[in-house]
Amino acid sequence: MNKNYYAILMAGGVGSRFWPVSTSSFPKQFHDMLGTGETLIQKTFHRLSKLIPKENIYILTNEKYNDLVLEQLPDATQKQVVLEPAMRNTAPCILYASLKIQKENPNAVMVVAPSDHWIEDETAFINNLQASFDKCTQENVLMTLGIQPTFANTGYGYINFEKSENAIKKVHKFTEKPNYDTAKQFLESGNYLWNAGIFIWSVQTIVTSFQKFQPTLYKLFEQGISVYNTDFEDDFIRDNYGNAENISIDYAIMEHATQVYVLPATFDWNDLGTWGSLYDKLDKEENHNAVVNAKPILQDASGNMIRTTNKKVVVIDGLNDYIVVDKEDVLLIYPKEKEQDIKKVLQKVKDTFGENYG
């Protein structure tokens with residue numbers, strides 16, 4: 001394996017739209033959401049390790065998930081777990097991890113990948129990643145993998161690329177989540193992709209980009225270079241991380257840089273952002289019910305997403321297109337069409353019964 005290949009695995013999110021299974025103390029990336037026998041973070045780590053040495057996969061997460069990461073990824077060491085003492089979006093943590101990697105290996109080329117996405121064809125993913133690594137090794141460019149849109153989705157950001165015969169396209173601009181009519185126009189134009197948040201670049205190129213476009217943020221983390229990868233790193237980060245601006249990598253870097261390229265992905269992808277997106281990926285029985293970890297008896301029931309713990313017997317009669325999730329002291333029975341409101345429901349539950357329920 002190429003010792004210059006690295007990965008930053010983003011594992012700090014809460015995944016509140018997957019409540020009640022996903023909670024702030026045990027978020028979705030640490031759950032086996034699809035009933036495959038592996039959690040989402042385990043699947044992602046093993047996928048990346050087909051191309052990247054296991055010891056070069058860094059896991060970026062909140063400090064409260066440190067033990068969960070080490071428990072679920074026994075091949076990772078404490079050195080590989082990069083801890084955020086405060087939530088500051090993706091740009092600060094990517095810069096922090098990049099400076100650590102640069103200090104260890106200035107020739108590093110890396111991928112930044114979410115820990116909770118579902119990728120069907122892992123061979124195609126590795127091939128796409130290799131092509132991106134090759135370009136970023138040869139040129140000072142920033143790259144991303146774009147997903148071929150299958151419908152006018154208003155929940156994703158879009159990447160507008162310049163049409164060409166080349167497999168790797170130059171990015172014209174990034175567009176935030178559009179309304180339905182705009183998303184429909186994007187699809188019809190044929191040169192828009194969904195932004196999956198998978199980025200590839202050399203450590204030199206991304207650090208230089210931060211110096212150029214985010215000098216204040218760079219200066220903050222540059223002060224710690226002498227202590228990165230030493231016993232004094234934790235103290236520096238604890239004292240300084242909270243001073244970082246809360247900003248995404250898209251806003252901080254990608255929307256300002258000019259040498260940005262995208263490779264349209266050749267693999268099936270799902271961001272597993274909601275119960276509905278999970279339902280779409282699961283096998284269904286004859287009445288289109290998707291069942292995970294449950295023993296169902298169903299009558300006049302169709303289109304439901306059903307999940308329990310410990311193979312509980314679930315009897316449903318006369319229910320269609322609902323999310324039914326049973327977890328210890330919480331039972332959620334909620335219309336699939338209103339799944340985007342689960343965040344609001346969670347807040348109401350917390351306000352009524354306390355933070356322990358979220």
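The values are calculated or read from the model by the stated rules, or taken from the named source; none is laboratory data. Here the structure is a predicted model, which is why all the values come from computation and not from measurement. We place every Cβ from the backbone using ideal geometry, glycine too, and count neighbours over all the protein chains shown. Calculation scope for accessible area: heavy atoms of the full protein, side chains included, ligands and nucleic acids excluded. Shrake-Rupley method; radii C 1.70, N 1.55, O 1.52, S 1.80 Å.
Key figures
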{"item": "Sites H288 and F26 - FRET efficiency at Förster radius 30 Å, r taken between beta-carbons, to 0.05", "result": "0.55"}
{"item": "Contour excess over end-to-end distance, with Cα ends at M1 and N243 and 0.36 nm allotted per residue", "result": "83.3 nm"}
{"item": "3J(HN,Hα) from dihedral phi, the stretch 86-97, Karplus parametrisation 6.51/-1.76/1.60, rounded to Hz, x for glycine, proline", "result": "8, 7, 9, 6, 8, 5, x, 6, 5, 4, 4, 5"}
{"item": "The chain: calculated mean residue ellipticity at 222 nm from DSSP helix runs of at least 4, using -39500 (n - 2.57)", "result": "-8500 deg cm²/dmol"}
{"item": "When each of K281/K350; K170/K212; K43/K135; K281/K343; K3/K212; K284/K343 is checked by Cα-Cα distance, pairs over 24 Å", "result": "K281/K350; K43/K135; K3/K212; K284/K343"}
{"item": "Percentage relative contact order, the chain, counting C-alpha pairs under 8 Å, at least six apart", "result": "19 percent"}
{"item": "Kirkwood hydrodynamic radius of the stretch 216-358, Cα pairs, Å", "result": "19.7 Å"}
{"item": "Per-peptide average of other Cβ atoms within 10 Å, ordering 14-24, 180-190, 109-119, 265-275 highest first", "result": "109-119, 14-24, 265-275, 180-190"}
{"item": "Difference of contour (0.36 nm per residue) and Cα-Cα distance, Q204 to K163", "result": "12.0 nm"}
{"item": "Approximate spin-label separation V313-Q78, in nm, with each point projected 7 Å along Cα-to-Cβ", "result": "4.8 nm"}
{"item": "Peptide ranges 122-129, 312-319, 292-299, 143-150 listed from the most packed, as the mean C-beta count within 10 angstrom indicates", "result": "143-150, 122-129, 292-299, 312-319"}
{"item": "The stretch 126-172 - Rg and Dmax from Cα coordinates, angstrom", "result": "12.3, 35"}
{"item": "Simple label model, 7 Å out from Cα along Cβ direction - N270 to E104, nm", "result": "3.3 nm"}
{"item": "HN-Hα J in Hz across the stretch 105-115 - Karplus 6.51, -1.76, 1.60, θ = phi - 60°, x for Gly and Pro", "result": "8, x, 9, 5, 10, 9, 10, 9, 9, x, 8"}
{"item": "H172/Q340 FRET efficiency (R0 25 Å; Cβ-Cβ; nearest 0.05)", "result": "0.30"}
{"item": "Options I147, Q72, I253, ranked by Cα towards positive dipole end of the chain, top entry (Cβ charges)", "result": "I253"}
{"item": "Label point at D67 placed 7 Å out along Cα→Cβ; residues across the stretch 1-42 whose backbone nitrogen lies under 15 Å", "result": "25-27"}
{"item": "Pairwise Cα inverse-distance average, inverted: Kirkwood Rh of the chain (Å)", "result": "21.6 Å"}
{"item": "Ranked by how many other beta carbons lie within 10 Å on average, peptides 34-40, 282-288 from highest", "result": "34-40, 282-288"}
{"item": "Rounded accessible area per residue of the chain, 1.4 Å, Å²", "result": "46 Å²"}
{"item": "The stretch 131-210: relative contact order in percent, alpha carbon pairs under 8 Å with at least 6 residues between", "result": "44 percent"}
{"item": "Note, ³J(HN,Hα) from phi for the stretch 196-211, Karplus 6.51, -1.76, 1.60, rounded to Hz, x at Gly and Pro", "result": "8, x, 10, 10, 9, 6, 7, 5, 5, 5, 6, 5, 4, 5, 5, 4"}
{"item": "Dipole magnitude of the chain about its Cα centre (Cβ charges: Lys, Arg +1; Asp, Glu -1), debye to nearest 20", "result": "400 debye"}
{"item": "Cα-centre dipole for the stretch 290-331 with unit charges at Cβ (Lys and Arg positive, Asp and Glu negative), debye to 20", "result": "240 debye"}
{"item": "Apportionment of accessible area to carbon and sulfur, the chain, percent (1.4 Å)", "result": "46 percent"}
{"item": "Candidate aspartates and glutamates for bridging to K100, where Cα separation is under 16 Å - those fewer than 8 sequence places away on the same chain excluded", "result": "E55, E84, E222, D231, E233, D234, D235"}
